[in-house]
1. How far is it, in nm, from the label point at THR196 to the one at ALA279 when both lie 7 Å from their Cα along the line to the Cβ?
2. May I ask you to evaluate 6.51 cos²θ - 1.76 cosθ + 1.60, the Karplus curve with θ = phi - 60°, for each residue of region 118-123 and list the ³J(HN,Hα) values in order in whole Hz, giving x for glycine and proline?
3. Kindly state, to the nearest 0.05, the FRET efficiency for GLU229 paired with ILE112, given R0 = 22 Å and r defined as their beta-carbon distance.
4. Below 8 Å between Cα atoms, with a sequence gap of 6+, how large is the relative contact order for region 122-276 in percent?
5. Sort the following peptides by mean Cβ neighbour count (other Cβ atoms within 10 Å, averaged over residues), highest first: 181-188, 164-171, 34-41.
6. ASN11 versus SER253, label points 7 Å from Cα toward the beta carbon: distance in nm?
7. Apply the Karplus curve 6.51 cos²θ - 1.76 cosθ + 1.60, θ = phi - 60°, to the phi angles in region 242-252 and return the couplings in whole Hz, x for Gly and Pro.
Amino acid sequence: MNWELLIRYINNETTAQENEALRAWLNERSENKLIIKQLQNKKAQLMEPVKEEVVQAEWTKLVDRIFEQPTAKTRSINKLYTVTGIAATVLLACFLGWFAMNTKSAKIVAPILVKSITGRREIILPDGSQVFMAPNSKLEISGDFNSQSRRIKLTGEAFFDVKHNAKKPFIITTANQTKVNVLGTSFNVYSRAGFTEEVKVATGLVGVVTGNRTTLLKAGEQLLHSLKEQSITKGRTDMHDAQSLQNGTLYFSKNNVNQVADKLERYYNIHIQVAPSAAKHAAFSGEMKDYGITKVLYGIGFATGIKYKFINQQTILLF
């Protein structure tokens, strides 16, 4: 359903033809009538026309009620204790100190490799920092981790909640050799060889080193590193989006069907095809709990009219 049309309906601004289309939509599912009733009640409470953010909030509550499960999903936590070193750069405040430490000779220890294949995975590092890995992602953690510094290599996507330690910088080297340097903060990193990289900061301060350039990001800021154009773009990000992996949610903000497909592919490690006919559907906004891709697609379809079908176990068509 088109959000704009739904808002005008609640505000008594629709035409007779639009009312007929909405009545047909209301008869499709009992949930559709429920959301209309909730929005009408909300309008009465506010004593003013309903706005788009109210529609999105009520829709999100409804989907959560439809898919709420009696028991929460238990996450497996694996503790890591031994691992290897990866050369990196530190946050600006720690450049000289780290350089002195990095030039000292050290015993080489083989790395521990941590992978997430089909689903998300949470691990706890020896310093107490938490890592929430997206599917099809890989971490290599240094053998001298937490001795003089804390060094990791990432391929894929992960959210890091780093324990503060001013004497031991936390350093991530990405698949494209970008360096992400922190002392204690929380942030999301996406990096696959040859693809545009993303760093989104939820709390604290993060330094991102690309070539000879260092960019500092504060909470609520993001950096996009385009390998193709060799460009750096700094901008704002929503906290819900930055913390998506940590919270086990998917966050959408006026995303068209192709953007929705990209986000679902990354989150579920599945291939999604978009039929030309899907472009007619409305953009989608909202935050959804991860009840599995089938239920997420149902919820998105409920809000936008986008339909889906499985081509095979690893491919979905949106139309």
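Each value in this text was obtained by applying a stated rule to the coordinates, not by laboratory testing. On a predicted model such as this, the values are computed, not experimentally measured, just so you know. Positions of Cβ are generated from backbone atoms using ideal geometry, with glycine treated the same way; all protein chains shown enter the neighbour counts.
1. 1.8
2. 9, x, 5, 9, 10, 10
3. Values: r = 35 Å, r/R0 = 1.60.
Efficiency, rounded to the nearest 0.05: 0.05.
4. Details: 338 pairs, mean separation 24.4, N = 155.
The normalised contact order for region 122-276 reaches 16 percent.
5. Working: 181-188: 23.2, 164-171: 18.9, 34-41: 16.0.
The packing order, highest mean first, is 181-188, 164-171, 34-41.
6. 2.2
7. Residue by residue, region 242-252 yields 4, 9, 4, 5, 5, 8, x, 10, 10, 10, 10 Hz.
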